[in-house]
Every structure is written in structure tokens, then in C-alpha cells.
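Participant: Quick one: the structure is below, and I'll ask about it shortly.
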Amino acid sequence: MQPHWQPPPAPQPGARLLALLLLLVLQAAAAPAASGGPEDPRQPLDAGPSRGLLQRAARAALHFLNFRSGSPSALRVLAAVQEGRARINPKEGCKVDLVFSTERYNSEEGEERLGKCSARVFFKNQKPRPAINVTCTRLLEKQKRQQEDYLLYKQMKQLKTPLDVVSIPDSHGHIDPSLRPIWDLAFLGSSYVMWEKTTQFLHYYLAQLTSVKQWKTDDEIDFDYTVLLHEFSTQEIIPCRIHLVWYPGKPLKVKYHCQELQTPEEASGTEAG
């Protein structure tokens, strides 16, 4: 006669307690330290930055660099981002360190076009106007930049007043060579506006110049213009009225007023480079 099957005896309370203590010890050993670990909200977190974040940081750095140069001949645009790292502090914002290459905005055929920049861009939580520290190599030689700026200055002084400008570029994307100085100066002044409006999630590019009014002055170039800024994430087109005062070798002066399309709030600012 076969013996009846019986369940194994239940573990004694002391054995269960010992097993539970062993499990807790193993979990504690595998967890990060209580301070400084990746789960500690007091410490900044390293993040693998997205391509979009690196692009926004690089363009913000270039807007800042272009404005601070005060020179339409020294304008640069982004070629490619080589590397980058983001550091996130939930209470303060996102700090991005990156290296990227640039091209001269109006490069001539056959000239060396690429220059490298390194930058630290700090996006404050939900706030525009990131703090930027940027350095670049292969900047346009100072004497050549001054010569090109003065040539552009003379072209602007010779333009008829008031200017009759409908849109630059035109509907075919073409910029008449005679209007190029206006576009370059508008791009320069708009760099300040785009830097001020950039956030961790929003960045802008100059889409079109829709009106220009130049004021007669003895020395400085002084004109009002309206631009359309393209915001990439939302695909919104933002009209901004900008007043610019420029003279070769002197800091750029910019005042602006933008109409936001998503909310009734409006943005404005003023700055001297």
C-alpha cells in the first residue's frame, strides 16, 4: 500500500524571519547610496541629451554669439553638433555642455567654411533667455571683418529712404543683392530676440523680413523692421517689431516687441551689446 502524499512542513517562524532579513540586506546592498545617488532629488542628474536639446542649445549659443559680435560680417550658422552632455537639476534647470561646428553665414566660394565652438548653455526651468558661455575658433580676421562691415555700412547709407520693401526673401526664397545688407542687419538684430525667447523646449529661426523703415541719421544706421520668426516645436510663426541702431565697431542696440500667437501675452525687451 502506497503511503499518502503529505505537504512539506511549514517553515518555522524563526526561519521565515531569517529569510526576510536576508532579502532586505541584499536589496540594501544593490540600492544606491542614500545621498548623491541617481534617485536623490537633491543632486543633479546626468542625462543622455536628445538631438533636439543639443540643437536648441547650439542655436541659442550662436544667437548669443552673433548678437554680441555686433558685426553682420561675423554671422555664423550651425553646421553640426559633434558631442554634448546634459546635467539636470530638477529645482534649477538643465545645463548643456556641447561642441559643435559652424559655417560663416555669407561664405565665399573656396574659403575655409568650418569653425568649431564649445559652449555651456544653462536653461532655467520654464524660463527663456538661457545663460551662455561660448568660445569659437576660426573667427573672421578682425581687419577683414571691419572692412566688410564698413562696406555694408556705406551700402545702407546709399539706400533710398523710405525703403519700399515688401518681403525678404521673396516668395521664391530669393534675396536681391541690393537688399542683402538689410537682411544681414535684420538677422543680426533678430539674433538677440531669438536668444531671449529660446527655452529648453522652444527655439526660433528668422523666416522672413516683411517691412523696413530706415530713419535718416548723420552717423548710425537706424531702422525699424518687422520679422516673422519660425518656432520649430510648435510650428508657430511669431511676428516681431524690432528697432535696431548699428554703427561699425560699436555695440548693437536692439528694442523689440513680439506678438505671441498661442497666448494673449506679449514679449518685449531692449539691449545694447
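The values are calculated or read from the model by the stated rules, or taken from the named source; none is laboratory data. Here the structure is a predicted model, which means the values were calculated and not measured. Cβ sites come from the backbone with ideal geometry, for glycine too, and all protein chains shown count toward neighbours. These accessible areas exclude ligands, DNA and RNA; they are computed on the full protein's heavy atoms, side chains included. Shrake-Rupley method; radii C 1.70, N 1.55, O 1.52, S 1.80 Å.
Participant: Please tell me if Gln155 is under 23 Å from Lys116 (Cα atoms), open to solvent by 70 Å² or more (accessible area, probe 1.4 Å) and either touching a Pro at 6+ places or on another chain (Cβ under 9 Å) or at pLDDT 90 or above (or both). Can you show your working first?
Facilitator: Numbers: under 23 Å from Lys116 (Cα atoms): no; open to solvent by 70 Å² or more (accessible area, probe 1.4 Å): yes; either touching a Pro at 6+ places or on another chain (Cβ under 9 Å) or at pLDDT 90 or above (or both): yes.
Judged against the criteria, Gln155 is not a match.
Participant: For Arg120, work out the one condition from (1) open to solvent by 90 Å² or more (accessible area, probe 1.4 Å); (2) modelled with pLDDT under 95 it doesn't fulfil.
Facilitator: (2)
Participant: Of the residues Leu78, Leu98, which single one is at pLDDT 85 or above, part of a strand (DSSP E or B), buried (at least 17 other Cβ atoms within 10 Å of the Cβ) and in contact with a helix residue (DSSP H, G or I) (Cβ under 8 Å, 6 or more places away or on another chain)? Before the answer, list the steps.
Facilitator: Numbers: Leu78 fails: buried (at least 17 other Cβ atoms within 10 Å of the Cβ).
Exactly one residue qualifies, and that residue is Leu98.
Participant: Step by step: first the residues of region 158-174, then only those that are at pLDDT 85 or above and touching a Leu at 6+ places or on another chain (Cβ under 9 Å), then the one that is most open to solvent (accessible area, probe 1.4 Å). Which residue is that?
Facilitator: Ser167
Participant: Within region 195-213, which residues are farther than 9 Å from Pro130 by Cα and either open to solvent by less than 10 Å² (accessible area, probe 1.4 Å) or part of a strand (DSSP E or B) (or both)?
Facilitator: Across region 195-213, the qualifying residues are Tyr204, Tyr205, Leu206, Ala207, Gln208, Leu209, Thr210, Ser211, Val212, Lys213.
Participant: Go through (1) free of Cβ contacts under 8 Å to residues at least 24 places away in the same chain; (2) part of a strand (DSSP E or B) one by one and return the number of the condition Asp218 breaks.
Facilitator: Just one mismatch for Asp218, condition (2).
Participant: Something else about it: Return the pair list, or none, for Cβ contacts closer than 6 Å from residues in region 86-115 that are over 18 Å from Arg56 (Cβ atoms) to residues that are of a type in the set (Asp, Glu) and modelled with pLDDT of 85 or more, at least 6 apart or on different chains.
Facilitator: Qualifying pairs under 6 Å: Arg113/Glu103.
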